[in-house]
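Inspection log for the structure reproduced underneath, given as structure tokens.
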Amino acid sequence: MKELSWRERRFAPLVVFAAAFCAGSFLLRVVFSNSGGDHQALGFGEVIAAFVIGLYFDLAAYLYAAVPIALYLLLAPAAVFHRLWHRPLWLAFCWALVFGTLFLFVAEWFFWQEFRTRFNFIAVDYLLYTREVIGNIRESYPVGRILAALGALAALLVWLLRNWLLAPLRAPAGSAGKFRHRLAWALPVLAAPFLVFMWVDRTQRDFSANPLANELAGDGLYEFFSAAYRNELDYVTHYASIDPLKARETLRARLETPHSKLASANPGDLTRTVKYPRDEKRLNVVLVSVESLSADFMAKFGNTKGLTPRLDRLADQGLFFTQLYATGTRTVRGLEALSLAYPPTPGQSIVKRPHNEGMFTIGGVFASKGYDVRYLYGGYAYFDNMRAFFEGNGYLVEDRTVIPREKIHHENIWGVADEDLFTLALERGDESHARGRPFFHHVMTTSNHRPFTYPDGRIDIPSKTNRDGAVKYTDWAIGDFLDRAAKHAWFDDTVFVIVADHCASSAGKSDVPINRYLIPMVIYSPRNIQPRKVDRLMSQVDVPPTILGLLNFAYTSQFLGYDLFDLEPGRERAFVSTYQELGFMRGDEMAILRPGKRVSVVKPDPRDGSAVPAKANPALAEEAIAWYQAASSLFAEHRDKQAKGR
């Protein structure tokens, strides 16, 4: 019998698909490298290294993707595999594989446009919330035409490769018809993913100080499953650590302020007793966390497009904070900081973790003072586990489902228009006031989110134009909310806190681009707060205790944030993070903790987000470790206690 050529062997299509997958990944890498943005320019050596390392990760990803192909080739009996009628079925299977690969490439392109990164935890989260994500995609892009184009392109590619794909089916069965022969070829392919899992690690792509080079060196499919696997990282296993008791003692020394004193001599106890020498002010508080409101949208921070006229005026009418940094790049990180006053722990936000009920929150402090405590959200509160988290911590949660249809001026997949959410907040404020109860509302907006749609006629930028329009509409809605609130009986006794949950973009010229964490905050209460600008460094975790400090509340605190106005100058610090990099900034330096127990110190540039290596600073590094290690252990203790109580 004639010896079969390699392309006629049954498992030859695995090589064809590998070549096609790597070629597509190469082209996608070329597109990404020329897609602009705020990334630092690449050197020639970085480009070569990124593409070489990228091929390594492409092959690693393909070995996972090859499993269904190998199973098909293994399990199809010779009596079926070589039949004429089987050929169109095989080509249909190949078309599905090619279509899925093209869909993956296009999805990653859209993800890159939004976040300037490969797939990460955000993509994993989005897969869990298909209603919002698919709805967002349908409202933002011509999905039908894109899918039709991908289907046609997949058919064309399969047709061009048909001779290579059909060669094994046209060849005589020979010894390949025996299952044991096929198994001998399939087993290495099926075992390869286990070897990849053990030997290949995401950190192997991080060869450069330029984040663009590292992102190019990755592979979207591999990054996605790596992110899913590393949803939560054990701090001590993956990060530099010190003696646990020393970490707690370090925080005990750092957390005290003139009016916040340690409650016990226990070296592991971080509880403080907060008491001010002034009478408490039982004022209502409305905390509005605004979706994706970067500081650089405001004229006060240099923007020249006129996107936030009301917020810019408001900055002159209240306390305006100019150096406030968000803890992360997702809404759940902002909610974590604004409710728990907790530094970001590695992996997923506490808002989305199990056993996060019964924690110490700003809402809990208000509830202990007899306040009505609500979390009001413009979307569906099941998204990102918001309902479970806030209800589990004593808030009354209300979302778009409680707003009558006739009161909704506009809605998209993410939520109702901000003005309609604010109407709900006004109504709930009236209800509490009528019962003689003060209230605390945490209001989370949604309009500044793709597809950037809002009611017509509100601003001079048409709906669904771009993010500039969404920002300007949100600014209008905030101004309209305050104008309407001024007509309510409780307005004079209310403090309004307007703050972002995070910035609109997270990519930049360094691993942790500090300019992508700068957010605005205005605290406004004409009858109770004198306007002034606050230029001190501040972390988002400092917002809850600062609000309570403005009210002179006495309480027992477990917050890991400061009342900024009770903090001696020079002790300010900020926490910033990705899902894996943990930044700790003090002065003009930032310590960055990374998996693999790596620690570095850089000098970040707050203007453009670049960073240059700094001299070793053991004291700064150790303090950063103490904060993050202690925060992680505190939540672990709480989680274990809650789990045992069930």
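Please label the shape of region 382-539 as rounded, prolate or oblate, based on the square roots a ≥ b ≥ c of the eigenvalues of the alpha-carbon gyration tensor (a/c under 1.5 means rounded; beyond that, a/b larger than b/c means prolate, else oblate).
rounded
Add +1 for every Lys or Arg and -1 for every Asp or Glu among the other residues with Cβ under 12 Å from the Cβ of Leu560, and state the total.
Its environment carries a net charge of +3.
Over region 464-512, what lengths in whole Å, largest first, do the semi-axes of the equivalent ellipsoid take, defined as the square roots of 5 times the eigenvalues of the alpha-carbon gyration tensor?
They are 31, 16, 5 Å, listed largest first.
Relative to the present Cα-Cα distance, how much length would full extension add between Arg7 and Asp480 at 0.36 nm per residue of separation?
The span from Arg7 to Asp480 would gain 163.4 nm if fully extended.
Taking the Cα centre of the chain as the origin, how large is its charge dipole in debye, to the nearest 20, when only Lys and Arg (+1) and Asp and Glu (-1) carry charge on their Cβ atoms?
Using only the charged Cβ atoms, the result is roughly 1860 debye.
Taking the Kirkwood radius as the inverse of the mean 1/r across Cα pairs, report the Rg/Rh of region 259-350.
Taking Rh as the inverse mean 1/r over Cα pairs, Rg/Rh reads 1.06.
Set the Förster radius R0 to 51 Å, insert the Cβ-Cβ distance between Asp588 and Arg145 as r into 1/(1 + (r/R0)^6), and round the FRET efficiency to 0.05.
About 0.55, to the nearest 0.05.
Each residue of region 493-506 in order: what ³J(HN,Hα) in whole Hz does its phi give by Karplus 6.51 cos²θ - 1.76 cosθ + 1.60, θ = phi - 60°, with x for Gly and Pro?
9, 10, 9, 9, 10, 10, 8, 7, 7, 5, 7, 6, 9, 10
Skipping prolines and chain starts, which residues have an amide H placed within reach, meaning under 5 Å, of the one on Thr273, given they are 5 or more residues away or on another chain?
Distant-sequence amide H within range of Thr273: Lys261, Leu262, Ala263, Ser557.
Run the numbers on region 244-644 and let me know its relative contact order in percent, using alpha-carbon pairs under 8 Å that are six or more apart.
Answer for region 244-644 is 27 percent.
At 222 nm, what helix-only mean residue ellipticity would the chain give, in deg cm²/dmol to the nearest 500, using -39500 (n - 2.57) for each DSSP H run of four or more?
Helices in the chain give a 222 nm mean residue ellipticity of -14500 deg cm²/dmol.
When the distances between all Cα atoms of region 572-646 are binned every 10 Å from zero, what whole-number percent does each bin get?
Result returned by the calculation: 18, 46, 22, 11, 4.
How much length is gained on full extension from Ala614 to Leu75, taking 0.36 nm per residue of separation minus their Cα-Cα distance?
Once the chain is fully extended between Ala614 and Leu75, it gains 188.2 nm.
Give me the orientation-averaged projected area of the Cα convex hull of region 289-442, in nm², one decimal.
Its Cα hull, projected and averaged over all orientations, spans 10.8 nm².
Is there a quick way to get the dipole size of region 6-229? I mean about its Cα centre, with the Cβ of Lys and Arg at +1 and of Asp and Glu at -1; what is the value in debye to the nearest 20?
Magnitude of the dipole: close to 1380 debye.
What FRET efficiency comes out for Ala554 versus Trp109 if R0 is 60 angstrom and r is the Cβ-Cβ distance? Round to the nearest 0.05.
0.65
Taking H as built 1.01 Å from N, whose amide H comes closer than 5 Å to the amide H of Val397, not counting residues under 5 places away?
It is Tyr375, by chain and number.
Quick one: Debye curve from the alpha-carbon atoms of region 409-454 only, equal weights, vacuum; give me log10 I(q)/I(0) at q = 0.22, 0.23, 0.27 Å⁻¹ to two decimals.
These q points yield log10 I(q)/I(0) values of -0.73, -0.76, -0.91.
Which far-off residues, 5 or more places away or on another chain, put their amide H under 5 Å from the one on Met298, with H placed in the peptide plane?
Asn303
Compute the length gained on full extension between His488 and Lys305: take 0.36 nm times their separation in residues and subtract their Cα-Cα distance, giving the result in nm to one decimal.
Separation in residues times 0.36 nm, less the Cα-Cα distance, equals 62.6 nm.
Take every Cα-Cα pair in region 6-229 and report what % of them are more than 22 Å apart.
57 percent
Would you list, by chain and number, the lysines whose Cα falls below 26 Å from the Cα of Lys281, excluding same-chain residues fewer than 8 positions away?
Cross-link targets: Lys261, Lys369, Lys487, Lys533.
Among Ile362, Leu150, Gly379, which residue has its Cα furthest toward the positive end of the charge dipole of the chain, with +1 on Lys/Arg Cβ and -1 on Asp/Glu Cβ?
In the chain, that residue is Leu150.
Tabulate in residue order the Karplus-calculated ³J(HN,Hα) for region 188-200, using 6.51 cos²θ - 1.76 cosθ + 1.60 with θ = phi - 60°, rounded to whole Hz; enter x for Gly and Pro.
Karplus-based 3J(HN,Hα) across region 188-200 equals x, 5, 6, 7, 4, x, 5, 5, 4, 4, 7, 9, 9 Hz.
Defining a contact as two alpha carbons under 8 Å apart and six or more residues distant in sequence, what relative contact order in percent does region 512-646 show?
Relative CO of region 512-646 lands at 20 percent.
Add +1 for every Lys or Arg and -1 for every Asp or Glu among the other residues with Cβ under 9 Å from the Cβ of Pro309, and state the total.
Here the count lands on +1.
Using alpha-carbon positions, what is the distance between the centroids of region 335-362 and region 571-588, in Å?
Result: 17 Å between the Cα centres.
Counting only Cα atoms, I'd like the Rg/Rh figure for the chain, Kirkwood definition for Rh.
In the chain, Rg relative to Rh is 1.03.
Of Met198, Met538, Phe224, whose Cα points farthest to the positive end of the dipole of the chain (charges on the beta-carbon: +1 Lys, Arg; -1 Asp, Glu; origin at the Cα centre)?
Of the listed residues, the answer is Met198.
State the antiparallel share, in %, of DSSP beta bridges confined to region 244-644, rounding to the nearest 5.
If I count the DSSP bridges inside region 244-644, around 55 percent turn out antiparallel.
Using a Förster distance of 51 angstrom, determine the FRET efficiency expected from the C-beta separation of Asp430 and Ser264, and round it to 0.05.
According to the calculation, E is roughly 0.75.
Per residue of region 96-103, what does 6.51 cos²θ - 1.76 cosθ + 1.60 with θ = phi - 60° give for ³J(HN,Hα)? Whole Hz please, x for Gly and Pro, Karplus curve as stated.
4, 5, 5, 4, x, 5, 5, 4
Distance between the C-alpha centers of region 377-444 and region 257-287? Whole Å please.
One Cα centre to the other: 29 Å.
Taken together, the values in this text are just the output of simple stated rules run on the coordinates, not laboratory data. Only a predicted model underlies this, so the values are computations on that prediction, with no experimental measurement involved. Don't worry about glycine lacking a Cβ; one is built from the backbone with ideal geometry, like all the others, and counts go over all protein chains shown.
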